[in-house]
1. With each run of n ≥ 4 DSSP H residues scored as -39500 (n - 2.57), what mean residue ellipticity at 222 nm is computed for the chain after dividing by its residue count and rounding to the nearest 500 deg cm²/dmol?
2. Kindly provide log₁₀ I(q)/I(0) values, in the same order as q = 0.11, 0.13 Å⁻¹, from the Debye equation applied to equal alpha-carbon scatterers of the chain.
3. Starting with the highest mean, order 59-67, 103-111, 118-126, 133-141 by the number of other Cβ atoms within 10 Å, averaged over the residues of each peptide.
4. Points 7 angstrom from Cα along the Cβ direction at Ala96 and Trp11: gap in nanometres?
5. Just Pro117, Pro48, Pro29 to compare: in a GNM of the chain, with alpha carbon springs under 10 Å, which one fluctuates most?
6. Specify which residue in the list Val15, Gly2, Pro111 is farthest towards the positive end of the charge dipole of the chain, using unit charges on the beta carbon of Lys, Arg (+1) and Asp, Glu (-1), about the Cα centre.
7. What part of the accessible area of segment 1-43, given as a whole %, is carbon or sulfur when the probe is 1.4 angstrom?
8. Run through the DSSP bridge list for the chain and note the antiparallel percent, rounded to the nearest 5.
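The values are calculated or read from the model by the stated rules, or taken from the named source; none is laboratory data. This one's a predicted model, so the numbers in the text were calculated from it and none came from an experiment. FYI the Cβ positions are ideal-geometry reconstructions off the backbone, even for glycines, and counts take in every protein chain you see. Note: areas computed on protein heavy atoms with side chains; ligands, DNA, RNA excluded. Shrake-Rupley method; radii C 1.70, N 1.55, O 1.52, S 1.80 Å.
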Amino acid sequence: PGFSLTHKTLWALNVLSELGLRYDSTIFPSSRSHGGYPGGTPFPHRIPTAAGRDFWEFPISTVNVLGMRVCLFGGGYMRLCPWRLIRSGVKQINSAGHPVVIYLHGRELDPCHPRLPMPWKRRFMSYVGLAGTERKLRRLLDTFAFAPIRDVLGPTGGRAVAEETT
């Protein structure tokens with residue numbers, strides 16, 4: 001949770017694989033205030049595990065904007081970014097042959113949900129742009145084809161995405 005995998009906690013992927021999971025979407029391939037994996041592969045890739053099982057990482061999608069890796073496709077990032085930038089980012093990633101990973105918190109689809117007391121910075125990060133989240137999600141779904149990660153992996157366990165190891 002919270003894109004908590006870092007260079008120091010990659011051991012967790014082996015644990016997930018041992019538990020029978022086939023994929024993960026926890027790596028945020030850029031710097032963040034907490035967590036983050038700067039320099040991480042920014043598109044789906046196979047990660048070798050200690051047990052030798054195929055394990056796939058679907059990192060949160062990021063694009064290069066003015067020399068920085070930024071996320072436009074979920075949470076506060078999607079709430080703050082204008083639609084044109086989001087659409088352009090999806091096209092950039094898709095034109096390179098990769099799927100886009102988007103994510104939302106359930107609370108982001110209800111702009112009238114109760115507000116918790118918190119410091120102004122956290123309040124801004126949690127609540128700004130809520131009124132436009134559903135509209136952006138609908139535009140994404142109307143404009144581009146999406147599928148659950150399990151469908152992108154397919155029954156073969158990963159031949160639908162580029163096979164690269166980190």
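1. Values: 6 runs with 54 residues, N = 166.
Per the formula, -9000 deg cm²/dmol.
2. -0.48, -0.68
3. On the way: 59-67: 17.3, 103-111: 13.6, 118-126: 11.8, 133-141: 15.1.
The peptides rank, most packed first, as 59-67, 133-141, 103-111, 118-126.
4. 3.1 nm
5. In the Gaussian network model the winner is Pro117.
6. Comparing the listed Cα positions along the dipole, Pro111 ranks first.
7. Numbers: 1480 of 2410 Å².
The C+S portion of the solvent-accessible surface of segment 1-43 is 62 percent.
8. Antiparallel bridges make up about 75 percent of those DSSP assigns within the chain.
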